[in-house]
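The values are calculated or read from the model by the stated rules, or taken from the named source; none is laboratory data. Here the structure is a predicted model, which is why all the values come from computation and not from measurement. Neighbour counts run over all protein chains shown; Cβ positions are idealised from the backbone, glycine included.
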């Protein structure tokens, strides 16, 4: 075999575009090494072009997961100082990688009364910005360059697969699903968008609460989340997501994290129900961070997360308030948040960009 791919300029460019892998007769996975590299790379490059990154600008952001790693990788390559504000959920291996890459990581030890750890992190971030003379915050929750960066993914999907009838993916900041779905609909307006959330996440109308399943869901409403993009919403619990993550590895040798498992559970169900239509599922990151948890049977058993069998289908509910505790499905129908019955009112909850202003 002769290699024909031109060399990449950096590891972030080499890893930010997904590989398309066939997972069934009508199901393809958009498999990422680290999905957040795409918006991190795009946001920082666009800021640099606009002159928002001066010689002494410090990049600052709030994160407890892979967006922080993506920023740390990109800032190391750009030789930019980086401060990340996180919380106790950050795992030691990720913390070590971030600091090895030169990032300063601050941990908020106590949650805010409203908005939890995410609100506490936003408040500390605002304090840091007030202390420093020159900062730039990527603001992944509210920066339109986040969803805009996924236009290249939509073009790749349409160019490679043709008409995509359904896009399934986890929702956290809203960037990947909203940006990719909008890009696909420039070619195929009928493309369905199915968002996958976790229970006790405010994103699609439930009350905020503790969530064992990390990497999707939110305690605040991101400005980048456009509810009018979504046709359906599914909620999964941690045990279901973990079991499907293991099944994805066992059946397809794809070693991904639990957000990928949650999305694949929903996508496989949809693809099986619509054998004549093409479905693509977003699989955000690899599973190395989860070897001692999701991929460890003893850990799953000790935490009551080892399932004997997965449900064959979700329970369809009439409102977000009825969803749970297991896999649930709701017909969102591309409606604005406030037009969906049974959602928790958003009055009094700050959006991230408001909290950072």
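For segment 207-217, give me the residue count where each residue is within 21 Å of residue 336 (Cβ to Cβ) and either surrounded by fewer than 23 Cβ atoms within 10 Å (Cβ to Cβ) or at pLDDT 95 or above (or both).
Total meeting the criteria: 2.
Starting from residues that are closer than 16 Å to residue 200 by Cα and surrounded by fewer than 16 Cβ atoms within 10 Å (Cβ to Cβ), keep the ones in segment 98-116 and report whichever is farthest from the chain's Cα centre (by Cα).
Going through the qualifying residues, I end up with 113.
Limited to segment 218-236, what total is found for residues that are part of a loop (DSSP other than H, G, I, E, B) and either at pLDDT below 95 or in contact with a helix residue (DSSP H, G or I) (Cβ under 7 Å, 6 or more places away or on another chain) (or both)? Full working, then the answer.
Step one: list which residues in segment 218-236 are part of a loop (DSSP other than H, G, I, E, B), which gives 218-226, 230-231.
Then keep just the ones that are either at pLDDT below 95 or in contact with a helix residue (DSSP H, G or I) (Cβ under 7 Å, 6 or more places away or on another chain) (or both); that gives 218-226.
Going through segment 218-236 one residue at a time, the tally reaches 9.
Is it the case that residue 160 is within 30 Å of residue 23 (Cβ to Cβ) and in contact with a strand residue (DSSP E or B) (Cβ under 8 Å, 6 or more places away or on another chain)? Steps first, please.
On the way: within 30 Å of residue 23 (Cβ to Cβ): yes; in contact with a strand residue (DSSP E or B) (Cβ under 8 Å, 6 or more places away or on another chain): yes.
Yes; evaluated as a whole, the condition is true for this residue.
Filter segment 174-192 for residues that are surrounded by 24 or more Cβ atoms within 10 Å (Cβ to Cβ) and either in contact with a helix residue (DSSP H, G or I) (Cβ under 6 Å, 6 or more places away or on another chain) or closer than 13 Å to residue 236 by Cβ (or both) and give the result. Walk me through how you get there before you give the answer.
Step one: list which residues in segment 174-192 are surrounded by 24 or more Cβ atoms within 10 Å (Cβ to Cβ), which gives 174-181, 184, 191.
Selection gives 175, 178, 179, 180, 181, 184, 191.
Looking at segment 101-141, which of the residues that are in a loop (DSSP other than H, G, I, E, B) and out of contact with any helix residue (DSSP H, G or I) (no Cβ under 7 Å at 6 or more places or on another chain) is nearest to residue 90 (Cα to Cα)?
Within segment 101-141, the first condition is being in a loop (DSSP other than H, G, I, E, B), and the residues that meet it are 101-103, 108-111, 113-115, 132-134, 137-141.
From the residues that got through so far, the ones that are out of contact with any helix residue (DSSP H, G or I) (no Cβ under 7 Å at 6 or more places or on another chain) too are 109, 113-115, 132-134.
Details: 109: 11, 113: 20, 114: 20, 115: 18, 132: 25, 133: 28, 134: 27 Å.
The qualifying residue nearest to residue 90 (Cα to Cα) is 109.
So residue 203 ticks every box in (1) buried (at least 24 other Cβ atoms within 10 Å of the Cβ); (2) closer than 22 Å to residue 338 by Cβ; (3) in contact (Cβ under 8 Å) with a residue 60 or more places away in the chain but one. Which box is left unticked?
For residue 203, the exception is condition (3).
All but one of (1) over 24 Å from residue 218 (Cβ atoms); (2) in a helix (DSSP H, G or I); (3) in contact with a strand residue (DSSP E or B) (Cβ under 8 Å, 6 or more places away or on another chain) hold for residue 80; state the number of the condition that does not hold.
Of everything listed in (1) over 24 Å from residue 218 (Cβ atoms); (2) in a helix (DSSP H, G or I); (3) in contact with a strand residue (DSSP E or B) (Cβ under 8 Å, 6 or more places away or on another chain), residue 80 misses just condition (2).
Name the residues in segment 273-297 that are free of Cβ contacts under 8 Å to residues at least 12 places away in the same chain and farther than 24 Å from residue 65 by Cα, would you?
273
So that you can scan it fast, the table gives a plain yes or no per residue for (1) within 21 Å of the chain's Cα centre (by Cα); (2) surrounded by 14 or more Cβ atoms within 10 Å (Cβ to Cβ); (3) at pLDDT 95 or above; (4) not assigned by TED's automatic domain parsing to the domain that holds residue 189:
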{"residue": "318", "(1), (2), (3), (4)": "no, no, yes, no"}
{"residue": "344", "(1), (2), (3), (4)": "no, yes, no, yes"}
{"residue": "347", "(1), (2), (3), (4)": "no, no, no, yes"}
{"residue": "352", "(1), (2), (3), (4)": "yes, yes, no, yes"}
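Which condition breaks for residue 45 when tested against (1) over 20 Å from residue 258 (Cβ atoms); (2) buried (at least 17 other Cβ atoms within 10 Å of the Cβ); (3) within 21 Å of the chain's Cα centre (by Cα); (4) without any contact (Cβ under 8 Å) to a residue 60 or more places away in the chain?
All conditions are met except number (2).
Take residue 168 and tell me if it is surrounded by 22 or more Cβ atoms within 10 Å (Cβ to Cβ), closer than 21 Å to residue 272 by Cβ and more than 15 Å from the chain's Cα centre (by Cα).
Taking the combined requirement at face value, the residue does not satisfy it.
Could you please find all residues in segment 258-312 being part of a loop (DSSP other than H, G, I, E, B) and within 30 Å of residue 160 (Cα to Cα)? Before the answer, list the steps.
Initial filter on segment 258-312 (part of a loop (DSSP other than H, G, I, E, B)): 274-278, 284, 287, 291-296, 303-312.
Passing the criteria: 274, 275, 276, 277, 278, 284, 287.
Consider segment 53-77. How many of its residues are assigned to a loop (DSSP other than H, G, I, E, B) and more than 16 Å from residue 140 (Cα to Cα)?
Of the residues in segment 53-77, the ones assigned to a loop (DSSP other than H, G, I, E, B) are 53-57, 63-65.
Next, from what is left, pick out any that are more than 16 Å from residue 140 (Cα to Cα): 53-57.
Of the residues in segment 53-77, 5 are assigned to a loop (DSSP other than H, G, I, E, B) and more than 16 Å from residue 140 (Cα to Cα).
Of all residues in segment 255-276, which are under 18 Å from the mean Cα position of the chain (by Cα) and crowded, with 21+ Cβ neighbours inside 10 Å?
256, 257, 258, 259, 260, 261, 262, 263, 264, 265, 266, 267, listed by residue number.
Look at segment 149-172 and say how many of its residues are modelled with pLDDT of 95 or more and either not in a helix (DSSP H, G or I) or not assigned by TED's automatic domain parsing to the domain that holds residue 244 (or both). Full working, then the answer.
In the first step, residues of segment 149-172 are kept if they are modelled with pLDDT of 95 or more; the result is 149-171.
Narrowing the set further to residues that are either not in a helix (DSSP H, G or I) or not assigned by TED's automatic domain parsing to the domain that holds residue 244 (or both) leaves 150, 162-171.
Of the residues in segment 149-172, 11 are modelled with pLDDT of 95 or more and either not in a helix (DSSP H, G or I) or not assigned by TED's automatic domain parsing to the domain that holds residue 244 (or both).
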